[in-house]
Structure formats: structure tokens, C-alpha cells
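Take a look at the structure below.
The values are calculated or read from the model by the stated rules, or taken from the named source; none is laboratory data. For clarity, every value in this text was computed on a predicted model and none was experimentally measured. Glycine also receives a Cβ, built like all others from the backbone with ideal geometry; neighbour counts cover every protein chain displayed. The area values use the complete protein model at the heavy-atom level, side chains included, leaving out ligands, DNA and RNA. Shrake-Rupley method; radii C 1.70, N 1.55, O 1.52, S 1.80 Å.
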Amino acid sequence: MIKKKILVGLMLLFLSPAFAQQEQPAGQIKQMTLQESIRYALDNNQEVKKAAYDEQIAKEQIRETKSVGLPQVSASGGLDYFPALPTQILPGELAGQPGQDIPVQFGKDYNAKANLQVNQLLFNKSYFVGLEAAKTAKDLYRLRSQMVQEDLIYNIGTSYLMALQTKEQFNTIDANLERLTQLEKIMQLQYENDLVKKVDVNRIRVSRVNLDNQKQSLSTMFEQQKNMLKFFMGMPLEQDIDLQDATILLEKVDPAALDVNAAATGKTQFQLLSTQKRLTSLQEKNIKSGYYPTLSAYGQYGYQTQRNELFDSNIPWFKSSVVGLQVNIPIFDGFKKDAQAKQARLEMLKLDEDMEQFTTNTAVTLTNAVSQLQNSQDAIAAQEGNVALAQEVYDTTNQLYKEGLSPLTDLLEAEVQLREAKTNLNNEVLKFKIAQLNYLQATGELQSLTK
């Protein structure tokens, strides 16, 4: 009788609700919220850094384009030495010797010269179009950089939420694993005292081993998800992190107030397509500028001397200078520029199709996100009620089992139903947060997650 009381006391102690605690790995653990993860990624991700370099390259390209319209100044110099001066044949009539060829050498052994040359572009229509195109290209790189950041924010958000969901599943599994482990110990004691059958102990053991294997698989998946998150963040893989929170502040969505066109045109990708179209238009304009003439001015000033002795100061340096204008007039190029201009126009038509397709895609994404937000909110409310009901069923079944009024199979089934209800609730919460993320992406408001 005393032995039975001891066993009943152990059962009441071991079957009480227990909350799991995850083991903390050794070493320094960095705690990261969703917002902190995004800010870390924007500072350390390689793609973001490369996009920033592209922006700087665009600035230098503008300077390069401007340089063509500035004065081009160059200096040159040279020294020629003739061990044997070149010989030319002159007719003898020049020297009063008709009918004879007279060999003559012109020049000195040393010829030296130094020149300064200046060129200035006066008119080139392509130059002015190129300046405008360079500034547009700068906007293009800026938008690309912004798109890289938005894509990164979305990837970080998705990876973080999935990893956080996996982390939350540990609470459910660990709590149930703790219950089964303690129940197995109790059943083993009862079996040793001939109070239960061996098959009941084995049922508990099978359930506990299955749940333990599920936890091991979950641990592996959790580490893989964290590694993917650290990859997007640009964080060393050896740095362990602890996910803290993933709160997404989102105002109440009114489907009737949604403006798809405004959402599409306000997104970075649409602006990027629009900028590409403008850049292609400037490309066509630049091609047509090739039909215009170009005008430039040049000037040269220099000194030269010829001497038999290099340092003979008796022979001075003689100066020379010239200024002039040069005009180039294109006449016929075999319709090359016409073909190039038509290609540019066709590229703009393709971009028009891309912009229309993007607007349609935005409408689909936005509609689906709003629908998922509404469905997930309803599903979460339903699953919360289901969890409460499953908890009530488990508590009642547990009490009946302790009193010997319910079989072990009912208790195990109630435990499985409670675990499934909590897992389903966790999945619906993830769907809701992913829908929030998709809504922010569809409306072009992903940058709000950095605040």
C-alpha cells in the first residue's frame, strides 16, 4: 500500500506540465532581432557593398564624360641624331650644271623640338546627349543598389521567420518530450512492481524515441536555417546567434483602399524599368546625333633647333605656332545609324511590355498578400481555440489516466493532438508574418523594417 502511494506521488510530480529549456552552446552568442539582423546585413552583405561600388563608378563615369568637353592639353618633345644625314638628288640646273645630278645633304646632325598642343571641342551633339545619359546611368545604379537592399531585406525576413518558427517548435517538442520521459520512468517503476504491462512501457518508449528523433532533425534544420541567415547577413558562420523577435508593425489593411497602379509605380523595380527606358531613349538620341557635324579648335606652340653640336649655343631655338578649326561632316554610313536607332526603339517597346507585366504581377502579389493576411488572422484565431481545446482534452485525459479511468493509448493520443495543435498554430503565425512581408514587398515598403 505504501509502495502504491509512492508511485502515485511520483506520477503526480512527473506528469505536471514542464516547459523545455534549450541548451545554450558554448561561446559568445549574439542576440539578434529581425530589425537588428537587417541592419547588420545592410552593413556587411557583399552584394550591398558591390552595389555601393557601382554607384561610385557611375559618379566617376560622369566625370569621365565631362572631361571630353574640357580643354585637352598635351606636351611633346624629341631629339633626333643623324650619324649619316639623308641625301637627296637635285637637278644640276639648280647649280648651273645642266644634265648632271647633284647629291645634296640637308639638315644638321642633331634636331631637337618641344611642343605644347591644346584641343577644344566646340560642338558635338553626342557630347551633350552623353552627359544626360551619364546622369541617368547614375540614377540607374542608385536604383539597382536600392533593389539589392530590398531583395536582401526580403531574404533576411523570410530566413529569419522560418528559423524563428523552428525555434518556437522546440518549446512544444521539449515540453512533450519531458512529459514522455518522466512518464516512461513512472511506467518502468510500475512495471517493476507488476502494476502495468511491458507493452505499456514499450508504447511510451516508442513515442519518446520518435519525438527525440524529431527533435534531432529539427535541431539540424534549425542550424541550417541559421547558417543561411548568416550567409545573407554577411556574418561569419562560426558566430552563433540567438533569434529574439520578429515583430512587423503593419497598419490595418483595407482592401478597398488599395491602389495597384500607385503601388506598382512606387516600387523600385518599376522605377528601374522606367529609368532603363529613359536611358534607351537617350541611346537612340545619341545615335541620331551622329548625323550632326562636329567642330573643334586646336592650337600648337613649340620650339625647334638643328645643330651639328648638341650644345652649340650659337644656333638658337626657333619658335613656331599654329591655330585652326576642324570640322567633320558625316555624309553616308550605309544606313548603320538608322539600323541602330531602330534597334533602340524596339528595346523601348520591350521595356513597355516589361512595365505592363510588372504592374500585373504587382496586382497579383498584392491581392494574394492581402488575402493571406485575412485568412491567416482567421486561422490563427481558430488554431488558438483549437490549442486551448486540445490542452483541455489532454489535462482531462491525464487526470482520468491517473485515476485509472482512461487507458494509456488515450493519453498518448491526447498528447499527439496537443502537439499537432500547437504546431499548426505555429505554422499559421509563420504564414501570417510571411504574408506581412509579402505585403510590404508588394507595396514597396520593405525599407520600413530597418527602422
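If you go through region 362-410 one residue at a time, how many are farther than 27 Å from A435 by Cα and in contact (Cβ under 8 Å) with a residue 40 or more places away in the chain? Matching residues across region 362-410 total 4.
The one condition from (1) more than 15 Å from Q283 (Cβ to Cβ); (2) in a helix (DSSP H, G or I) that R345 does not meet is (1).
Would you confirm whether or not region 395-406 contains a residue that is open to solvent by less than 60 Å² (accessible area, probe 1.4 Å), closer than 29 Å to R39 by Cα and either touching a helix residue (DSSP H, G or I) at 6+ places or on another chain (Cβ under 8 Å) or of a type in the set (G, A, S) (or both)? No, region 395-406 contains no residue that is open to solvent by less than 60 Å² (accessible area, probe 1.4 Å), closer than 29 Å to R39 by Cα and either touching a helix residue (DSSP H, G or I) at 6+ places or on another chain (Cβ under 8 Å) or of a type in the set (G, A, S) (or both). When A137, A114, A95 are screened for being open to solvent by less than 40 Å² (accessible area, probe 1.4 Å) and either over 30 Å from Q46 (Cα atoms) or in contact (Cβ under 8 Å) with a residue 60 or more places away in the chain (or both), only A137 passes.
Has region 28-49 got any residue that is under 30 Å from D242 (Cβ atoms), in a strand (DSSP E or B) and of a type in the set (D, E, K, R)? Scanning region 28-49, I find at least one residue that is under 30 Å from D242 (Cβ atoms), in a strand (DSSP E or B) and of a type in the set (D, E, K, R), so the answer is yes. Listed by position, the helices (runs of 4 or more DSSP H) contained in region 187-305 that have at least 1 residues being surrounded by 14 or more Cβ atoms within 10 Å (Cβ to Cβ) and of a type in the set (D, E) are 198-233, 268-288.
Among the residues of this structure, I315 counts as one that is of a type in the set (A, V, I, L, M), closer than 30 Å to Y110 by Cα and open to solvent by less than 60 Å² (accessible area, probe 1.4 Å). Residues that are modelled with pLDDT under 90 and among the aliphatic types (A, V, I, L, M) within region 75-128 comprise A84, L85, I89, L90, L94, A95, I102, V104, listed in sequence order.
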